[in-house]
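Asker: Encoded as structure tokens, here's the structure I'll be asking about.
The values are calculated or read from the model by the stated rules, or taken from the named source; none is laboratory data. Since this is a predicted model, take the numbers as computed values, not measurements. Here the Cβ positions follow ideal geometry from the backbone for every residue, glycine too, while neighbour counts run over all protein chains shown. Each accessible area value is taken on the protein alone, full model and side chains, heavy atoms only, with ligands, DNA and RNA left out. Shrake-Rupley method; radii C 1.70, N 1.55, O 1.52, S 1.80 Å.
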Amino acid sequence: MTDPKEMPFLDHLEELRWRIIWSLLAIAAGTVIGVVVAIRFDLISALTAPLFSVVADLSQDDPAFLGLLSTERLAFMSLTEPFFFVIKLGMLFGVVLASPIVVYQFWAFLSPALEGAERKAIIPTFMLGAGLFGAGVAMAYFVALPMTIRFLLLFGAEWFTPALTAGYYMSMVLGLLMAFGLAFEVPVVMLVLTSLGLVTSHFMKTKRRHAVVLMAVMGSVLTPGDYWQVTILLMGPLLALYELGIWLAVRVERRRDSSSGDGPSLTSSLLGVAAAATYRWKAQKAA
């Protein structure tokens, strides 16, 4: 027979299980909608638009590129390649559609373990992360992607004739968009590390030179190496985001000092939510 003292913890795990199930169902439903939207609103054309725009520009100087514009369609080597790519695209779009429900489920499970001030701070934190991710994706699509395509098509053009396949091109595009979106999450990561006490604003200020080198490496990896102008262009936003992370870290430290240690930090609550919520659940049951 189950010990009654263990029931609060088991009930808490049961709640967590249902939160995860509802999140997965939301993602599944979002995937179905995403596939329909990808087909109906022709999202694939939006992803291939930068390619054909660059090719049209290059073909004015080199007629060899006209072959890619003959049908404005990408080749595929397997009969299942287009089908599975549409499914993959629908899944990514479905995660975006389901993200409000997933965030709500996370919030509903997390809120009992948070203090009042932390409840007010968590929504702006989510919004900051979402906004920065969207900004990174937009910069990748409108700036980095066309320049990357141009560089890769021109590289070795005197020896090779491009015959692009859908799978490789789409994987590169989605990978680049995701990479920029995640790279723009630098301030959120710095905020988490500061809240955990792993780094301080003073430490990050003293490591600015190292940050410049790291941003240069990231810019070189995410963009063609020979396009040094693009690398510098991308280093600007990344360094600005680093400074934003320092500013957020200073704010966290000031709030921590003003509270004189009253209550856990936001990120500590996020990482220790299971233990904190279980403790408070037991206290409420005991009362």
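Asker: Under a plain spin-label model, where a point goes 7 Å from the Cα along Cα-to-Cβ, how far apart in nm are residue 250 and residue 33?
Answerer: 4.1
Asker: Heavy atoms only, 1.4 Å probe, whole protein assembly: order 247, 18, 107 by accessible area, highest first. Can you show the working numbers first?
Answerer: Numbers: 247 140, 18 115, 107 70 Å².
Putting 247, 18, 107 in descending order of accessible area: 247, 18, 107.
Asker: Taking the simple approach of a point 7 Å from Cα along Cα-to-Cβ for both residue 210 and residue 127, what is their distance in nm?
Answerer: Using points 7 Å along Cα→Cβ, the separation is 3.4 nm.
Asker: Could you calculate the FRET efficiency of residue 57 with residue 203 from 1/(1 + (r/R0)^6), where r is the beta carbon distance between them and R0 is 41 Å, rounded to 0.05?
Answerer: On the way: r = 46 Å, r/R0 = 1.12.
Given R0 = 41 Å and the Cβ-Cβ separation, E is 0.35.
Asker: Something else: Could you derive backbone 3J(HN,Hα) for the range 27-40 from the dihedral phi with the Karplus parameters 6.51, -1.76 and 1.60 (θ = phi - 60°), listing whole Hz in sequence and x where the residue is Gly or Pro?
Answerer: Going residue by residue, I get 5, 5, 5, x, 5, 4, 5, x, 5, 4, 5, 4, 7, 5 Hz, with x marking Gly and Pro.
Asker: On a 1.4 Å probe surface of the protein chains, which of 141, 104, 168, 242 comes out largest in accessible area, and what is the full order? Before the final figure, lay out the partial values.
Answerer: Working: 141 55, 104 130, 168 180, 242 25 Å².
Final ranking, largest accessible area leading: 168, 104, 141, 242.
Asker: Right, here's the next one. Starting from 0.36 nm per residue, how many nanometres of slack lie between residue 258 and residue 73 once their C-alpha separation is accounted for? Walk me through the intermediate numbers first.
Answerer: On the way: separation 185, 0.36 × 185 = 66.60 nm, distance 6.04 nm.
Stretched fully, the residue 258-residue 73 segment lengthens by 60.6 nm.
Asker: Given R₀ = 35 Å, what would the calculated FRET efficiency be for residue 14 paired with residue 182, taking r from the Cβ atoms and rounding to 0.05? Could the numbers behind the result be given before it?
Answerer: Numbers: r = 33 Å, r/R0 = 0.94.
The formula returns an efficiency of 0.60 here.
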